[in-house]
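The values are calculated or read from the model by the stated rules, or taken from the named source; none is laboratory data. Every value quoted in this text rests on a predicted model; they were computed, and no experiment measured them. A quick note on method: Cβ atoms are made from the backbone with ideal geometry, for glycine too, and the neighbour counts reach across all protein chains shown. In case anyone asks, the SASA skips ligands and DNA or RNA and just uses the protein heavy atoms, side chains included. Shrake-Rupley method; radii C 1.70, N 1.55, O 1.52, S 1.80 Å.
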Amino acid sequence: MKKEIAITAFKCKKCGRIHYPYHDRCLGCKHREFDKIKPEGNAKLLTYTVIFNLPWGFDQRFLVIGVAEFENHVKAMGQIKADSVDQLKVGMTVIPSWEPVRVQYGEDVYGLKFEPVE
Amino acid sequence: MRDVAVIGAGMIPFGRRDEDTLMDMLSFASLKAMDDAGLGDKSVDAVYVGNMGAGMLQRQSAIASSLADRLNLLPAAADTVENGPASGGSAVKNGLLAVASGYYDYVLVVGGEKMREVTGWRATDFVATMTHPQAEYPYGITLPGMAGMFTRLYMEKYGVTREHLLAVSLKNQEMGALNPFAHVEMALDRDGIFDSPHAIVNNPVSADPLHLYDLCPVSDGAAAIVICPLDMAKKLSKPPVLIAGFGQATDTHTLQERDDPTDLKAVTLATQQAFERAKLKPSDISVAELHDAFTILEIAESEHVGFFKKGEGGKAAAAGKTRFGGQIPINVSGGLKARGHPVGATGVAQIVDITFQLRHELPKNRQVKNAQTGLTVNFGGFGNNVLAFVLKRVEQ
């Protein structure tokens, strides 16, 4: 079963600026009250890279990672389901999902994954 | 506030130093700086140690106290300063403010890191701990990965090309080959890393679109300076180097929350503060050490500090304007790219390099002719905490 994307973003009640991750004061107007919002819809790929020198904890050859903006303007980093950057282009649509992104202490750690749309 | 000058500078060769502990390296660099200052058996009032990872990499904490003991600086005040890859710059700032305020007269500032004690896997993870613990780190992002994403944005917006990045890489490796303190004393051959069919093997993609030789090495090393009030420094034999201005600024932790992720606001603000305090402008600078952990950063910083307009830094590098002998020589030491980047040491090493330049002590093939002023930029996180220093030669 598809898991819900367990990210909460925060919309400033005063100026409307959207934050992810959380801040105690708005990055725009320093207001302290926010509405919790969930990322909505598909996302647009803003930038990406493929990393070949991985950090401890990743037992694989490479990782494709990018930042994408959801339809309601929440921006977040995630792993991209691609074998090569040749499949990717800034501005393309990606479909988000909530899946294991690494294993720590024998347990799956869940996070954002983006699947490029042809 | 009192004017503050560098009166002693020293560093040890960066690289893989299996034979030395972190404390050995900090101690060796400190003694060089103290001897250079002519302190003899005298002590200092305080010591500030810039270091990012002793707790994680060496399982050692409170290293400033250990260093005070090791060097018998007792009972000097001693503090460790941790600010990621800008730890060295922050340590210099703490020393500067302590002397400028009149609280201390003689202060030792040393930065050091021993990163090769662990595997590349572990070192990469250690550096990645400065990324956001929930929004970035779990995905396996690394600092080269951040730089790769930043490079892609910079290429799209400003037309930076691989040729531009290559120009920085070749220049800094060429200068590093002349620097006995450099980690990578090896000039690169353009054909071998770019043009030939073997280039993909010699210079593979590391964090697309960045290749291996766009990245600094993982290094061990330490560097140190001794500072005191300018009035006292003028009585010494070597020309004092005035810390004419410094600035520091922060930016959002994650790149995606910046209005324009290609805008390194903290670099601009820190440098503007440093220039204002020094009453100088970018065109007054004789030589600069910029934080080129990745070739793209030298290009972007050369624009953000005001040497070139936005979008012109890559072309300027390719045209040779930032070479030794060019319009504004950048990273004559070889920079982080070739001298190396023991993270806690870098901010101090940049000041040491500029001090040597402004005292006109370097060999002809690295000494910028009649250098009077220098700029350093120490870049923490991915531009979320940046320090800039403007230094000036003082004639006695």
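Side notes on the structure shown:
- The stretch B:348-374 residues that are more than 20 Å from B:Ala177 (Cβ to Cβ), paired with ones that are open to solvent by 10 Å² or more (accessible area, probe 1.4 Å) and of a type in the set (Asp, Glu) (beta carbon under 8 Å, 6 or more apart): B:Thr373/B:Asp284
- Applying the criterion of at least 2 residues that are surrounded by 13 or more Cβ atoms within 10 Å (Cβ to Cβ) and touching a helix residue (DSSP H, G or I) at 6+ places or on another chain (Cβ under 8 Å) to the strands (runs of 3 or more DSSP E) found wholly in the stretch A:16-97 leaves A:43-51, A:63-70, A:75-80.
- Number of residues in the stretch B:81-111 that are buried (at least 24 other Cβ atoms within 10 Å of the Cβ), aliphatic (A, V, I, L, M) and part of a helix (DSSP H, G or I) equals 3.
- Residue pairs whose Cβ atoms lie under 8 Å apart, sitting 6 or more positions apart in sequence or on different chains, and linking a residue in the stretch B:87-101 that is under 16 Å from B:Pro229 (Cβ atoms) to a partner that is of a type in the set (Gly, Ala, Ser) and part of a helix (DSSP H, G or I), are B:Val92/B:Gly347.
- Residue count for the stretch A:10-28 satisfying the condition of being over 21 Å from the mean Cα position of the chain (by Cα) and more than 14 Å from every other protein chain (Cβ to nearest Cβ): 2.
- Some residue of the stretch B:140-154 being more than 21 Å from A:Leu46 (Cβ to Cβ), touching a residue at least 24 places away in the same chain (Cβ under 8 Å) and in contact with a helix residue (DSSP H, G or I) (Cβ under 7 Å, 6 or more places away or on another chain): no
- Yes/no for B:Glu156 being more than 8 Å from every other protein chain (Cβ to nearest Cβ), charged (D, E, K, R) and open to solvent by 10 Å² or more (accessible area, probe 1.4 Å): no
- Filter pass, B:Thr142 being touching a Pro at 6+ places or on another chain (Cβ under 6 Å), more than 30 Å from B:Arg17 (Cα to Cα) and of a type in the set (Ser, Thr, Tyr): no
- Among the residues of the stretch B:140-153, those that are open to solvent by less than 10 Å² (accessible area, probe 1.4 Å) and more than 7 Å from chain A (Cβ to nearest Cβ) comprise B:Met146, B:Ala147, B:Phe150, B:Thr151.
- Subset of the stretch B:267-285 [under 17 Å from the mean Cα position of the chain (by Cα) and either at pLDDT below 95 or not aliphatic (A, V, I, L, M) (or both)]: B:Thr268, B:Thr271
- The single condition from (1) in a helix (DSSP H, G or I); (2) within 20 Å of the chain's Cα centre (by Cα) that B:Met155 fails is (2).
- When residues of the stretch B:27-73 are limited to those that are touching a residue at least 24 places away in the same chain (Cβ under 8 Å), in contact with a helix residue (DSSP H, G or I) (Cβ under 8 Å, 6 or more places away or on another chain) and open to solvent by 80 Å² or more (accessible area, probe 1.4 Å), the one farthest from B:Val127 (Cα to Cα): B:Arg70
- So B:Glu174, is it more than 14 Å from every other protein chain (Cβ to nearest Cβ), assigned to a helix (DSSP H, G or I), under 21 Å from A:Val85 (Cα atoms) and open to solvent by 40 Å² or more (accessible area, probe 1.4 Å): no
- Which numbered condition B:Asp353 fails, given (1) acidic (Asp, Glu); (2) modelled with pLDDT under 95; (3) part of a helix (DSSP H, G or I): (2)
- Residue within the stretch B:121-139 that is open to solvent by 50 Å² or more (accessible area, probe 1.4 Å), assigned to a helix (DSSP H, G or I) and within 14 Å of chain A (Cβ to nearest Cβ) present: yes
- When residues in the stretch A:98-116 are screened for being in contact (Cβ under 8 Å) with a residue 12 or more places away in the chain, open to solvent by 60 Å² or more (accessible area, probe 1.4 Å) and more than 10 Å from chain B (Cβ to nearest Cβ), 2 of them pass.
- Note on the stretch B:268-313: residues that are open to solvent by less than 10 Å² (accessible area, probe 1.4 Å), among the charged types (D, E, K, R) and touching a Ser or Thr at 6+ places or on another chain (Cβ under 8 Å) amount to 2.
Here's the yes/no breakdown for (1) over 21 Å from B:Arg152 (Cβ atoms); (2) within 13 Å of chain A (Cβ to nearest Cβ):
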position	(1), (2)
B:Val218	yes, yes
B:Ile227	yes, no
B:Pro239	yes, no
B:Ile243	yes, no
B:Leu255	no, yes
B:Lys265	no, yes
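- For the stretch B:340-378, a residue qualifies if it is open to solvent by less than 10 Å² (accessible area, probe 1.4 Å) and of a type in the set (A, V, I, L, M), and the qualifying residues are B:Val343, B:Ala345, B:Val348, B:Ala349, B:Ile351, B:Val352, B:Ile354, B:Leu358, B:Ala371, B:Leu375, B:Val377.
- Test for B:Ala199: is it within 14 Å of chain A (Cβ to nearest Cβ), of a type outside the set (Val, Ile, Thr) and open to solvent by less than 50 Å² (accessible area, probe 1.4 Å): no
- Comparison of A:Ala6, A:Ala82, A:Ala68 shows that the only residue that is touching a residue at least 12 places away in the same chain (Cβ under 8 Å), closer than 22 Å to B:Leu143 by Cβ and more than 10 Å from chain B (Cβ to nearest Cβ) is A:Ala82.
- In the stretch B:230-249, the residues that are small (Gly, Ala, Ser) and open to solvent by less than 30 Å² (accessible area, probe 1.4 Å): B:Ala233, B:Ala244, B:Gly245, B:Gly247, B:Ala249
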